[in-house]
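The values are calculated or read from the model by the stated rules, or taken from the named source; none is laboratory data. Quick caveat, the model's predicted, so the values are computed rather than measured. Note that each Cβ is placed from the backbone with ideal geometry, even for glycine, and that neighbours are counted across all protein chains shown.
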Amino acid sequence: MRKPIVILMTTLATLAALPAAAQFRDLPELTLEAANRLAGSAIETCRSQGRAIVVSVLDRGGNLVALQRADGVGPHNIEASRRKAYTALSTKNATLDLARQAQANPDARNLATLPELLLLGGGIPLLVGAQPVGAIGVAGGGGASNDHACAIAAIRTLPGLDQPHPTL
């Protein structure tokens, strides 16, 4: 009579362990090397256009992985680039698109009142297989469209990232 109880207990223990293992996902990670490549590429793209920028790259948790600043960029652009990246990561949208939506839609204007969000072009989520792995934020390039373009150019240099959709 003990043998069926042992089999039953073993089976229950095995079944109980299955859901725990199923709770973990295998997610791609943004590496320091990739973040530095993105930042360097954005800086070089803007430099080739005569623009000096700051670039922040965040991981999926919103942690700063890389920050690079070209010579002569105003100090306020450091925080602006980080907040643009944070906004893109948090909303899973390019900040240029968000800024345009906020201008056109009164309901979306409330996004601008959240302390960490910055609705100004230059922030783009970094996606792999449509899943966020981080975000890039560019500031100081002489306008939201310029910052956005330098961020897009950087993303295009890193194989494995989903290519951003065109802006609205």
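For this structure, a couple of remarks:
- Among the residues of the range 40-51, the ones that are buried (at least 18 other Cβ atoms within 10 Å of the Cβ) and in a loop (DSSP other than H, G, I, E, B) come to 1 in all.
- Within the range 54-105, the residues that satisfy the criterion of being modelled with pLDDT of 95 or more and either among the small types (G, A, S) or touching a Phe, Trp or Tyr at 6+ places or on another chain (Cβ under 6 Å) (or both) are S56, G61, G62, A66, A70, A80, S81, A85, A88, S90, A94.
- Tabulated pairs, the range 122-141, first touching a residue at least 12 places away in the same chain (Cβ under 8 Å), second assigned to a strand (DSSP E or B) and of a type in the set (S, T, N, Q), C-beta under 6 angstrom, 6+ apart or interchain: G137/S56
- Residues of the range 116-153 satisfying the condition of being assigned to a helix (DSSP H, G or I) and touching a strand residue (DSSP E or B) at 6+ places or on another chain (Cβ under 6 Å): D147, C150, A151
- Checking each residue of the range 22-39 against the condition of being surrounded by 17 or more Cβ atoms within 10 Å (Cβ to Cβ) and basic (K, R) gives no match.
- Within the range 117-159, tally of residues that are of a type outside the set (A, V, I, L, M, F, W, C) and surrounded by fewer than 24 Cβ atoms within 10 Å (Cβ to Cβ): 10
- Checking each residue in the range 45-67 for being over 20 Å from the mean Cα position of the chain (by Cα) and without any contact (Cβ under 8 Å) to a residue 60 or more places away in the chain picks out R47, S48, G50.
- Exclusive hit being modelled with pLDDT of 90 or more and in contact with a helix residue (DSSP H, G or I) (Cβ under 6 Å, 6 or more places away or on another chain), set G143, G134, G121: G121
- The number of residues in the range 68-97 being assigned to a loop (DSSP other than H, G, I, E, B) and touching a residue at least 24 places away in the same chain (Cβ under 8 Å) comes to 6.
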